[in-house]
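Engineer: Shown below is the structure under consideration.
The values are calculated or read from the model by the stated rules, or taken from the named source; none is laboratory data. Note that the structure is a prediction, hence the values are computed from the model and not measured. Methodologically, a virtual Cβ is constructed for each residue, glycine included, from the backbone with ideal geometry; neighbour enumeration extends over all protein chains shown.
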Amino acid sequence: MSTMLTATASPLLAAATSNGDIGQGVMLMFMGMGLVFTALAILMIILMIMRATIGSETAAPAPAAAPAPPPPATPATDNGIDPETVAVLTAAAIAVVRAPIRLKSVTFIRHDGGKDWASHGRAAIHTSHRLRKGK
């Protein structure tokens, strides 16, 4: 009697269980998940082996960088920039270029606070609108 109630309540479920399709589906699901898990485990092992072999080669210490040459004793600055700032700028330039550099002059450029950007933005906004001609 309970089989009849199940069959009348859900005829598709009853047909699927009678043919064994659900069992095959579950088996296929576990096989697929097992295959993916195995592939990921193999990939993890390969990556660990690569890290062990390649990582030991790159672990060699880097050669010590050559000391930076001292900045000139009297920097050629007209704007009152102190020698410590010139030394910092020289060290930064040497670090970027990776070659000995001697600064010949340092000039401080004053900025107007971004008024050029604001006016350009306003012009872009105004030109983006369509203006209607008079009727």
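Engineer: Please work out if V86 is modelled with pLDDT under 85 and part of a helix (DSSP H, G or I).
Structural biologist: Values: modelled with pLDDT under 85: yes; part of a helix (DSSP H, G or I): yes.
It is true that V86 is modelled with pLDDT under 85 and part of a helix (DSSP H, G or I).
Engineer: Can we say A95 is surrounded by fewer than 10 Cβ atoms within 10 Å (Cβ to Cβ) and either out of contact with any helix residue (DSSP H, G or I) (no Cβ under 6 Å at 6 or more places or on another chain) or modelled with pLDDT of 85 or more (or both)?
Structural biologist: In short, no.
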